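Rule-based calculations on the coordinates, nothing more; no lab input. If you're wondering where the values come from, they're calculated on a predicted model, not measured in any experiment. Glycine also receives a Cβ, built like all others from the backbone with ideal geometry; neighbour counts cover every protein chain displayed.
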């Protein structure tokens, strides 16, 4: 599952360079995100950790943007360069458990307006494991928390600019949006929202729609990860995974019958998770309590302990 590893915010009353320093060094291979609001000037570049690209921006009333850096090197500091001297607020976020090969922001959008409700665009993820980040920018300080089950970070403010940021971890591919209510309607606002795909396991055996033993070995390739991983596997005779036959196996609570391929042999899963150096290797769970003779459905997800 994708997760927030750490975050830090900062602001400048005036200038062209906003420097924000994490409390701790980031993990090499994780994805970094910068969420930025200015008084109107655009963001020229972001540096620190690798190659940054603008994921989304909106400039209906002022200016805000999300920039992303996948597969980043280990760093402590990110520098945002602004096109002209301006007030700026920013939040940097380290994400773990997202695909590292590219910035998988498969859905991103900006919006703006002048009504009392600051509302992001609605995005539609295509995979069940995602983390969605949103920013609401306004010149009004009287704004409620986000809606829809999102987790809010503390407000950032400088020189009359007020920035709200929040995130949502998804375990199903459902529409995502959020809003903040401005108690003084008529202030201009902008929003940006982007979703990042979680790194997911891929089944290897048994193949789909084949007969299998009542005590099968279930195997899948673990996703590449810069942190240790655990795995949560479910079996059920219903594809809704809600029947009385549901079985759940969690390697973080019990490592019994869990193993990983170390390149030469199957090795018992450690209590603290799959070693980072073995991420991408095959994982095995052996069912020892016999399944009934029926059609069984399976699903699995990877996650980290925080």
TODO: Can you put 233, 32 in order of Cβ neighbours within 10 angstrom, beginning with the fewest?
DONE: 233, 32
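From the C-alpha coordinates alone, can you work out the Kirkwood hydrodynamic radius of the chain, in Å?
20.8 Å
Please give the length that would be gained between residue 239 and residue 221 if that part of the chain were fully extended, namely 0.36 nm times their separation in residues minus their C-alpha to C-alpha distance (nm, one decimal). Don't skip to the end; give the middle numbers.
Numbers: separation 18, 0.36 × 18 = 6.48 nm, distance 2.18 nm.
Full extension of this stretch gives 4.3 nm more.
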TODO: State, to one decimal in nm, how far the label point of residue 256 lies from the label point of residue 228, with both points 7 Å from Cα in the Cβ direction.
DONE: 2.1 nm
Open item on the list: Suppose R0 equals 51 Å. What FRET efficiency, 1/(1 + (r/R0)^6) with r the Cβ-Cβ distance, do residue 248 and residue 155 give to the nearest 0.05?
Closed with: 0.85
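Averaging over all projection directions, find the projected area of the Cα convex hull of the range 202-303 and quote it in nm² with one decimal place. Intermediate results must be reported in sequence, preceding the final value.
On the way: hull surface 25.6 nm².
Averaging across all directions leaves 6.4 nm² for the Cα convex hull.
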TODO: For residue 85 and residue 171, calculate 0.36 nm times their separation in residues minus their Cα-Cα distance, and state this gained length in nm to one decimal.
DONE: 26.8 nm
- [ ] Express the C-alpha Rg of the range 1-98 as a ratio against the empirical globular expectation 2.2 N^0.38 Å, rounded to two decimals.
- [x] 1.02
Open item on the list: I want to verify a result. In a Gaussian network model of the chain, Cα cutoff 10 Å, which of these has the top mean-square fluctuation: 255, 61, 234?
Closed with: 234
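Full extension from residue 17 to residue 115: what is 0.36 nm times the residue separation minus their Cα-Cα distance, to one decimal in nm? Numbers along the way, then the final one.
Working: separation 98, 0.36 × 98 = 35.28 nm, distance 3.11 nm.
Computed gain between residue 17 and residue 115 is 32.2 nm.
Say R0 is 41 Å: what FRET efficiency, to the nearest 0.05, do residue 76 and residue 271 get from their beta-carbon distance?
Computed FRET efficiency for residue 76 and residue 271: 0.85.
Can you give the FRET efficiency for residue 209 and residue 139, using 1/(1 + (r/R0)^6), R0 = 41 Å, r = Cβ-Cβ distance, to the nearest 0.05?
Numbers: r = 58 Å, r/R0 = 1.40.
Calculated value: 0.10.
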- [ ] Choose one answer from 97, 145, 263: the residue with the largest mean-square fluctuation in a GNM of the chain with alpha-carbon springs under 10 Å.
- [x] 263
- [ ] Report the residue, chosen from 27, 192, 98, that carries the largest GNM mean-square fluctuation when the chain is represented by alpha-carbon nodes joined by springs under 10 Å.
- [x] 27
